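Here's the structure, in structure tokens; my notes come after.
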Amino acid sequence: MSKTTIPTGGITADAINGTLLADDAINSEHYTDGSIDTAHVADSQITAAKTSGVAGYVLIKAITISGTTASVTFQNGSSDVVFDTTYDTYFITGNDIVADNDDDNLRVSFTDDTSSISYDLSCSRSTNGVIRDGSSISAEDQVSESSAAQTIMGGCGANGSESSSFYGYVMNPAASGSRERFAQFQAMIKMHDNKNRNHNHVIIIPNVVVTGVRFNWNSGSFAQGTIKLYGLKNA
Amino acid sequence: MPRYHNINGIMVQFTAEEETARDAEIKAWEDGKLARKQAEMRIIRDRYLAKTDYLALSDTATISDNMKNWRQSLRDLPANENTLEKVQAILATDENGKLTNSVWTIPS
């Protein structure tokens with residue numbers, strides 16, 4: 001006997017469960033023929049499924065630089081930006097970064113302020129890297145102590161044949177506790193033809209609740225680039 | 001021309017205090033340019049000396065006067081090239097990034 005309707009209350013909760021619904025009882029044929037469509041599965045249910053039990057990067061804010069900008073900052077608490085305990089780890093990418101001054105250094109700095117904000121947390125940095133010049137390669141290691149602005153890309157060019165990008169992590173920036181925080185940045189710089197500079201930086205940040213991160217240059221401004229802040233979400 | 005921070009995607013003009021601090025920071029950076037360029041020159045100089053170190057080893061005997069003089073001229077670079085203009089001339093490159101000053105030409 002064919003039934004085209006099921007009366008309200010006709011199927012109780014969990015009446016159709018895994019023991020009655022065989023594997024492949026609902027298969028790709030049903031997904032594609034339209035019998036299960038958006039009327040049966042709400043967007044919110046898909047969103048809920050996607051956001052539960054899945055680890056991944058959550059884009060918090062993307063800043064595309066146009067014109068001359070002296071600094072790019074991600075500061076907790078406004079414009080949907082969180083830089084607090086929402087995520088244990090924050091991931092930052094800088095793509096196609098170009099300075100408006102030739103031979104300039106891009107620097108990162110941090111703050112623990114929530115008002116009268118100043119990016120003046122004194123950090124230390126250790127760097128290991130290489131410079132390739134044609135077929136030769138040389139090590140370029142550095143140490144920097146007690147500086148609020150720590151270089152993460154050195155010798156960036158402003159002309160068309162030079163380019164640079166970076167990515168990095170900030171670990172537990174706002175966790176309570178009495179231990180220092182860490183940030184790590186990997187920088188890639190193409191200087192002239194067949195010459196490039198690659199560096200890995202580890203930055204130790206004081207044991208305070210960090211509320212923001214800023215990028216700026218030694219002497220000039222950004223000519224272009226896109227910097228994105230992500231939160232690394234647990235499952 | 002005023003400077004701007006981009007904070008969370010919003011342009012925020014520097015305060016007067018920030019402008020003053022930034023001007024001082026840039027001046028300090030510019031004042032250190034000669035020292036930075038000299039450091040870069042020393043790194044390159046050391047690389048060129050290293051390329052010919054084998055000629056000066058005691059058990060390999062011969063090194064020409066020409067080579068001795070050239071190596072000494074490299075060692076003298078930091079003392080002799082003591083202005084920004086001079087150091088920039090030493091570090092001049094062509095469009096491919098190759099050093100063009102004759103001081104980098106290894107004697108045959």
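The values are calculated or read from the model by the stated rules, or taken from the named source; none is laboratory data. If you're wondering where the values come from, they're calculated on a predicted model, not measured in any experiment. No Cβ is skipped: glycine too gets one built from the backbone with ideal geometry, and neighbour counts run over all protein chains shown. The area values use the complete protein model at the heavy-atom level, side chains included, leaving out ligands, DNA and RNA. Shrake-Rupley method; radii C 1.70, N 1.55, O 1.52, S 1.80 Å.
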Problem - Portion, in percent, of the accessible area of the range A:57-233 that falls on carbon or sulfur, probe 1.4 Å - result: 45
Exercise for the section: Please work out the C-alpha center-to-center distance from the range B:38-97 to the range A:192-235 and express it in whole Å. Expected result: 35
Fill in the blank from the handout: Under 5 Å from the placed amide H of residue A:219, counting only residues 5+ away or on other chains, we find A:105
Exercise for the section: Give me the accessible area of residue A:33, 1.4 Å probe, in Å² rounded to the nearest 10. Expected result: 90
Practice task
Could you go through the range B:99-108 in sequence order and give the Karplus-derived ³J(HN,Hα) for each residue, using 6.51 cos²θ - 1.76 cosθ + 1.60 with θ = phi - 60°, rounded to whole Hz, and x for Gly and Pro?
Solution key: 5, 10, 5, 5, 4, 8, 7, 6, x, 7
Problem - 222 nm mean residue ellipticity, helices alone, for the protein assembly as shown (DSSP H n ≥ 4; -39,500 (n - 2.57); rounded to 500) - result: -6000 deg cm²/dmol
Problem - Shielding by other protein chains, B:5-18, mean Cβ within 10 Å - result: 6
Fill in the blank from the handout: Result for interface chain A to chain B, accessible surface buried in total, 1.4 Å probe, Å² to 100, stands at 1900
Problem - Whole-Hz couplings from phi, Karplus 6.51/-1.76/1.60, listed for the range B:8-20; x for Gly and Pro - result: 6, x, 10, 6, 10, 5, 4, 6, 4, 5, 5, 4, 5
Problem - Viscosity 0.890 mPa s, temperature 25 °C, Stokes-Einstein D of the protein assembly as shown from Kirkwood C-alpha radius, µm²/s - result: 100
Handout entry: Sorted peptide list for A:56-64, A:19-27, A:174-182, criterion being average Cβ within 10 angstrom, highest first
Key = A:56-64, A:174-182, A:19-27
Problem - Whole-Hz couplings from phi, Karplus 6.51/-1.76/1.60, listed for the range A:209-225; x for Gly and Pro - result: 7, 7, 10, x, 9, 10, 10, 8, 9, 4, 9, x, 10, 6, 8, 6, x
Handout entry: Built amide H within the under 5 Å cut-off of residue A:153, gap 5+
Key = A:106
Problem - Spatially proximal aspartates and glutamates relative to residue A:228 (Cα-Cα < 19 Å; intrachain offsets below 8 disregarded) - result: A:80, A:84, A:88, A:96
Exercise for the section: On the full set of protein chains, 1.4 Å probe, figure out the accessible area of residue A:40 and give it in Å² to the nearest 10. Expected result: 120
Practice task
Distance between Cα centroids, the range A:31-91 to the range A:1-30: provide it in whole Å.
Solution key: 34
